[in-house]
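The values are calculated or read from the model by the stated rules, or taken from the named source; none is laboratory data. None of the values given here were measured: they were computed from a predicted structure. Quick reminder, even Gly has a Cβ in these numbers, built from the backbone with ideal geometry, and neighbours come from all protein chains shown. Ligands, DNA and RNA are excluded from the accessible area calculation, which covers all protein heavy atoms including side chains. Shrake-Rupley method; radii C 1.70, N 1.55, O 1.52, S 1.80 Å.
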Amino acid sequence: MEQFQSPLTDRFGRSIEYLRLSVTDRCDMKCTYCLPKSFKGYQEPKDWLTFDEIERVVGAFARLGTSRVRLTGGEPLLRRNLPQLAARISALPGIRDLSLSTNGTQLPKHAEALRAAGVTRLNISLDSLTRECVTQITGRDSIDDVMAGLAAAEAAGFAPIKLNMVVMPGVNEHEVESMAEFCIDRGFILRLIETMPMGSTGLASSYAPLGPILERLRARFDLIPEIKEMGGGPARYWRTTDGRGQIGLITPISQHFCATCNRVRLSVDGTLYLCLGQEEKVELRPLLRAGISDAELEQTIRDGIELKPEKHEFLTAPTKIIRFMSQTGG
């Protein structure tokens, strides 16, 4: 039987069990908080990690104790043959949770194949229920495509489905209650997210602390803290007393979760980012293409984890990170 090494642990005692894996930096939307409409600085396909290279890296993480992988982008479903990669990752020894973040527009074509490939959970971005607001945020009239994607995900058997809503004052903050009602009625889990100051777009987006919004929701829906584990990410969850609805809050600004951070990010070009809000990174692609051995790859990952900083500086140095979210991996 294959022997697994002890879990990856950084110098602050945090166990790194979660890899967010970007398979493309391209997207069929340009959300106002993510990419400027004029952005052209995408990675060239020759610089993307191949499926074989991705499988090697994920396999190394798995051997080191990382058990959760999330496929991200950009929009991950723009990467050709993604269900094939998902099947390869889900078959790796040690991987027990494979999920995917998507804007939903490509799900009608891929939901069934993703489910068959071993993807167990979906997070779908939807920042508004009104056509005008969705068009304003995403840069295209996309709400019908996203709704079709939600229907396809349900038909394929994904449950529960999480909806991610980035909350922005003066844009969609007033829709939080109606989004919560929509999710409770449909059996979706709503996750509210504070805008992060990444790149010029993130800095230009208004920030709404979620504390006051939670109080509004608790009064409206009689919420109590959720005690169940809900996917290993940073969200803190509440549920309705009747158990019909669940709402999560992701608060990287107002109540950061750095002390319990369990994740790192691998970008499409093979850059391992140790923190979303810092610059520490390890370039894996040159090593992979120079013929690094599996043992050397594992040691490189271990050495990289030692670089993981204690916390981000979104509040004290909001202009520090100039790369866009899609370049890091969502």
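Looking at region 16-140, send over the antiparallel percent of its DSSP beta bridges, to the nearest 5. Display every interim value, and only then the final one.
On the way: 0 of 13 bridges.
Around 0 percent of the beta bridges assigned by DSSP in region 16-140 are antiparallel ones.
Using +1 on the beta carbon of Lys and Arg, -1 on that of Asp and Glu, and nothing else charged, what's the dipole of region 154-272 about the Cα centre, debye to 20?
The calculation lands at about 280 debye.
Shape call for region 74-159 from the C-alpha gyration tensor, a ≥ b ≥ c root eigenvalues: rounded (a/c under 1.5), prolate (a/b greater than b/c) or oblate?
Numbers: a/c = 2.41, a/b = 2.15, b/c = 1.12.
Verdict is prolate for region 74-159.
Cα centroid distance between region 244-270 and region 145-181, in Å?
18
Over what distance in Å are the Cα centres of region 222-243 and region 49-91 separated?
Cα centres, region 222-243 to region 49-91: 28 Å.
Can you give the Rg to Rh ratio of region 1-81, both from alpha-carbon atoms, with Rh computed by the Kirkwood formula? Walk me through the numbers before you get to the answer.
Values: Rg = 15.9 Å, Rh = 14.8 Å.
Rg/Rh for region 1-81 comes to 1.07.
Please compute, for the alpha-carbon atoms of region 171-311, the extent along each of the three principal axes and give them in descending order in Å.
57, 34, 26
Go through V171, T9, T300 and say which Cα lies farthest out towards the positive end of the charge dipole of the chain; charges sit on Cβ, +1 for Lys and Arg, -1 for Asp and Glu.
The residue sitting farthest along the positive end of the dipole is T300.
For a paramagnetic label modelled at 7 Å from the Cα of F182 toward its Cβ, which residues of region 23-38 fall within the zone defined by backbone nitrogen distances under 17 Å?
Once the point is set 7 Å along Cα→Cβ of F182, 31-32 turn out to lie under 17 Å by backbone N, inside region 23-38.
Counting only the heavy atoms of the protein chains, how much of V171 is accessible to a 1.4 Å probe, in Å² to the nearest 10?
That residue has around 40 Å² of solvent-accessible surface.
Where Rh is the Kirkwood radius over the Cα pairs of the chain, the temperature 10 °C and the viscosity 1.306 mPa s, what D in µm²/s does Stokes-Einstein return? Don't skip to the end; give the middle numbers.
On the way: Rh = 20.2 Å.
Answer from the Stokes-Einstein relation: 79 µm²/s.
Full-extension gain between S293 and E280, please, as 0.36 nm times their residue separation minus the C-alpha to C-alpha distance.
Working: separation 13, 0.36 × 13 = 4.68 nm, distance 2.32 nm.
Working it through step by step, the gained length comes to 2.4 nm.
Could you tell me which of the pairs K30/K109; K40/K228; K162/K281; K37/K109; K109/K308; K109/K162 are separated by over 31 angstrom between their Cα atoms in the structure shown? Don't jump to the answer; show the numbers that get you there.
On the way: K30/K109 21 Å; K40/K228 42 Å; K162/K281 29 Å; K37/K109 26 Å; K109/K308 38 Å; K109/K162 19 Å.
Cα-Cα > 31 Å for K40/K228; K109/K308; rest within.
Are there cysteines in the chain with no second cysteine's Cβ under 4.7 Å away, and if so, which?
Among the cysteines of the chain, those whose Cβ sits 4.7 Å or more from every other are C27, C133, C183, C258, C261, C275.
Using just the helices of the chain, give the 222 nm mean residue ellipticity in deg cm²/dmol: DSSP H runs with n ≥ 4 each add -39,500 (n - 2.57), and the total is spread over all residues, rounded to 500.
Values: 11 runs with 104 residues, N = 330.
Value at 222 nm, helices only: -9000 deg cm²/dmol.
To the nearest 20 debye, what is the magnitude of the charge dipole of the chain about its Cα centre, counting +1 on the Cβ of each Lys and Arg and -1 on the Cβ of each Asp and Glu? If you can, show how the numbers build up before the last one.
Numbers: 41 positive and 41 negative charges, 28 e Å.
So the dipole magnitude of the chain works out to roughly 140 debye.
Between T260 and S90, what length in nm is gained on full extension when 0.36 nm per residue of separation is reduced by their alpha carbon distance?
Numbers: separation 170, 0.36 × 170 = 61.20 nm, distance 2.53 nm.
Stretched fully, the T260-S90 segment lengthens by 58.7 nm.
Could you size up the charge dipole of region 7-124 around its Cα centre, putting +1 on the beta carbon of Lys and Arg and -1 on that of Asp and Glu, and report it in debye to the nearest 20?
Result for region 7-124 is approximately 180 debye, rounded to the nearest 20.
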